[in-house]
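The next block holds one structure in the form of structure tokens; read it before the comments.
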Amino acid sequence: MIEVSQIARTIARALRLNEDLVEAIALGHDLGHTPFGHAGEAILREINPGGFDHYKQSLRVVDFLEKNGQGLNLTYEVRDGIVKHSKGKGLIVSDSPKDKPATLEGQVVRISDIIAYVNHDLDDAIRAGVVRRAEVPREIIKVIGEAYSKRIDTMVRDVIKASSATSLTNIVMSEDISFVVYKLRDFLFERVYESEGIIREFNKAKDILKALYEYHLEHIDGVFKDIPPEKKLDRHRMVCDFIAGMTDSFAFMTYERLFLPEQWKVF
């Protein structure tokens, strides 16, 4: 979120947009992310009867879960930007009212989000040995650069220049940079997000989250005993909110506490 906020504020400042609005959207856009990232999102979508989308959960966090169920008093513009930041494999810049943020600031966050995650995930994949630097298509590196900072700088400058050329009717990328960003995203999906190794880890995460979900559903009266009766919701909704709010490390710790024996007690 901080990375997206920094990129978005840089673009907003250059285009003389509302930096505070941009920051509010950027800091709220991924509050609904689950443990294990998009893998966790897919798992909750599968096992929760009401489905699950992290961008809808982000809005739910600020509208309902924050301040002990009172929610935050956010403007329509902030809420709209939060719920319309997500793209998946869809268009970066969309004209569909369902996907296109109502404000330029929301559009800035939407485009900053993909700038941040494709560059961050590429470096993470290289550091983890999932891909080798030499395997990144050269046409990508040739256009946007090899180093992380250079790639970010190239993309941000392009968004500022291309958006200015529209007289700020939309926040856009040039065709050349847009083509490269799509190509980099496709590369990451093929070699990282949907690779055989990641799918194996995804299945492990799936087992952990399913076990946690089922346990908390079965023990809901004990787990949520401190919640006043008038604030208790549908059982699945409560468990989904609880698990979606976990970090990776807290999910691991909880699973270990509930399902793995402690050595000093066993031996």
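Students often get this wrong: which residues of the range 18-53 have the backbone nitrogen under 11 Å from the point 7 angstrom along Cα-to-C-beta of Leu168?
Residues 18-19 qualify, since their backbone N sits under 11 Å from the label point.
Among all the aspartates and glutamates, which ones have a C-alpha under 13 Å from Lys210's C-alpha, if same-chain residues fewer than 8 places away are not counted?
Within the straight-line cut-off, Lys210 pairs with Glu41, Glu46, Glu218.
Sequence gap at least 6, Cα distance under 8 Å: using those rules, report the relative contact order of the chain to the nearest whole percent. Walk me through the intermediate numbers first.
Working: 299 pairs, mean separation 56.2, N = 267.
Worked out over the chain, it gives 21 percent.
Which three extents, in angstrom, do the Cα atoms of the chain have along their principal axes, listed largest first?
Principal-axis extents of the Cα atoms in the chain, largest first: 63, 45, 29 Å.
Taking a spot 7 Å from the Cα of Arg237 along the direction of its beta carbon, which residues of the range 1-44 have an amide N less than 18 Å from it?
32
Using only the Cα atoms of the range 13-130, what do you get for the radius of gyration and for Dmax, in Å?
15.1, 44
Any chance you could run the full-extension gain for Asp95 through Arg45? It's 0.36 nm times the residue separation minus the Cα-Cα distance, nm to one decimal. All intermediate terms of the calculation are to be shown ahead of the outcome.
On the way: separation 50, 0.36 × 50 = 18.00 nm, distance 2.65 nm.
Taking Asp95 through Arg45 to full extension adds about 15.4 nm, to one decimal.
For the range 198-266, what percent of Cα pairs sit more than 13 Å apart? Mind dumping the intermediate values first?
Numbers: 1620 of 2346 pairs.
Distances greater than 13 Å cover 69 percent of the Cα pairs.
How about Lys150: which lysines have a C-alpha closer than 27 Å to its C-alpha, ignoring those fewer than 8 places off in the same chain?
Correct list for Lys150: Lys87, Lys89, Lys142, Lys161, Lys183.
Placing +1 at every Lys and Arg Cβ and -1 at every Asp and Glu Cβ, with all other atoms neutral, what dipole size does the chain have around its Cα centre, in debye to the nearest 20?
On the way: 37 positive and 42 negative charges, 55 e Å.
I would put it at about 260 debye.
Once the other residues with Cβ under 14 Å from the Cβ of Ala165 are scored (Lys, Arg +1; Asp, Glu -1), what is the net sum? Provide the component values of the computation, followed by the final result.
Details: positive: Arg157, Lys161; negative: Asp158, Glu175, Asp176.
Charge balance in the 14 Å sphere: -1.
Throughout, read-outs are computed from the coordinates displayed, never taken from laboratory work. No experiment lies behind these values; they were computed from the predicted model shown. Here the Cβ is made from the backbone with ideal geometry for all residues, glycine too, and neighbour counts use every protein chain on show.
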